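These notes concern the structure reproduced below.
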Amino acid sequence: MELYIKLFEVLFPVFLTIGIGYWYGKKEPKFDTKFITKLSGNIGLPCIIFYSLTSSNVEFDLLLRFFYYILLYVGLFAIIGILVLKILKKDIYRLLPPLILPNTGNMGMPICLFAYGKLGLAIAAAVTTVIVVLHFTLNILLASRKFSIKPLINCVAIYALIISLFFVYFRIPSPKFIENATFLISYSTIFLVLMSLGVALAKLKIFSFNESLFFSFIRIIIGPVVGFGFVKMFNLTGIEAGVIFIQTSMPSAVLTYLIAEIYSPKKIVNSIASTVVLSTFLSFITVPIIVFLSLKYFN
């Protein structure tokens, strides 16, 4: 019974906040989440990265290992995605991002926080930073079919990560006033990104159900299978195993849709929107199972 209570404590605040956003998105269909996206990306996520990494006593080597894990994970999924898209004769460039980039930010970080505390948030934030960097490099490259260094230079999260790693490596304690400020902004951001996810779900539509269902299954079924494989391959236990299992099980990232909307044709945008919506709704079934298994076996 204690395990089920913990599961409820982890998932209830996440799903409730997403539900609030979904309700508000239906009530105010003209509500623009771009402000939240920019605020979260430029201020919120950098504060989460700094606060979680500097206040959790996380080891520098641990962060480097997780950078490696998530890059390897994306690489394996890229191979799977390319093979699937080639067999289906789809656009193997522009349709690849929602298959290889999970929603580790909007959903993954809050769940890891409630499941494993500040250390879980720190590891989840490190994973999310890598995914964000890939959004502003690989995702834009695939969506536009041309590379630009400008989005990467403008990515504040990268600078926040560099500064945070400096503090972690040299074990420099964060000044209390900075810790308090980043703490406040971090937890406010978690609410905003969850709510914006709900708003996005209320707005986005499913255009090609069968195709989106197939892509969604790849994202939310193969994802945790590969994540569990990593747990066994690298002999991960406890919080490390739980975080990698949860983060690799997330649905397609909303940011893949936002970037596609800027750089890709309308048909591609509709397809990606469908995959994001369907994989997210299906994850409301799969994520409780993943979190249950994580709490039971990786605690």
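At-a-glance table
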| item | result |
| --- | --- |
| Solvent-accessible heavy-atom area per residue, rounded to whole Å², over the chain at 1.4 Å | 46 |
| K38-S144 pseudo-label distance in nm [points 7 Å out on the Cα-to-Cβ vector] | 1.7 |
| Per-selection Rg to Rh, segment 60-179 - Cα, Kirkwood hydrodynamic radius | 1.03 |
| 222 nm mean residue ellipticity, helices alone, for the chain (DSSP H n ≥ 4; -39,500 (n - 2.57); rounded to 500) | -24500 deg cm²/dmol |
| Solvent-accessible ranking of R219, R145, largest area first, probe 1.4 Å | R145, R219 |
| Computed over the chain, the ratio Rg/Rh where both radii use C-alpha atoms and Rh is Kirkwood | 0.94 |
| Reachable aspartates and glutamates from K205, criterion Cα separation under 14 angstrom, eight or more residues apart if same chain | E261 |
| Segment 189-298: radius of gyration over Cα atoms, expressed as a fraction of 2.2 N^0.38 Å | 1.15 |
| Diffusion coefficient, µm² s⁻¹, Stokes-Einstein with Kirkwood Rh over alpha-carbon pairs of segment 1-87 at 25 °C and 0.890 mPa s | 141 |
| Where labels lie 7 Å past Cα in the beta-carbon direction, separation of N299 and L76 in nm | 2.6 |
| For segment 208-278: relative contact order, % (alpha-carbon pairs under 8 angstrom, 6 or more apart) | 43 |
| Solvent accessible area, Å² - D61, 1.4 Å probe, full protein context | 110 |
| Sites N235 and K30, calculated FRET efficiency, Cβ-Cβ separation with R0 41 Å, nearest 0.05 | 0.20 |
| Eligible lysines near K296 by straight Cα distance, threshold 25 Å, same-chain separation 8 or greater | K6, K118, K232 |
| Pairs from K90/K266; K38/K176; K203/K267; K38/K150; K89/K266; K34/K90 whose Cα-Cα separation, in the structure shown, is over 23 Å | K38/K176; K34/K90 |
| ³J(HN,Hα), Karplus 6.51/-1.76/1.60, whole Hz, each residue of segment 99-111, x for Gly, Pro | 7, 9, 10, x, 7, 6, x, 4, 9, x, 4, x, 5 |
| Share of carbon and sulfur in the accessible heavy-atom surface of segment 39-83 [1.4 Å probe, %] | 71 |
| Pairwise Cα inverse-distance average, inverted: Kirkwood Rh of segment 119-232 (Å) | 17.6 |
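The values are calculated or read from the model by the stated rules, or taken from the named source; none is laboratory data. Treat the numbers as computed from the prediction; the structure is a model and nothing was measured. Positions of Cβ are generated from backbone atoms using ideal geometry, with glycine treated the same way; all protein chains shown enter the neighbour counts. With ligands, DNA and RNA removed, areas are computed over all heavy atoms of the protein, side chains included. Shrake-Rupley method; radii C 1.70, N 1.55, O 1.52, S 1.80 Å.
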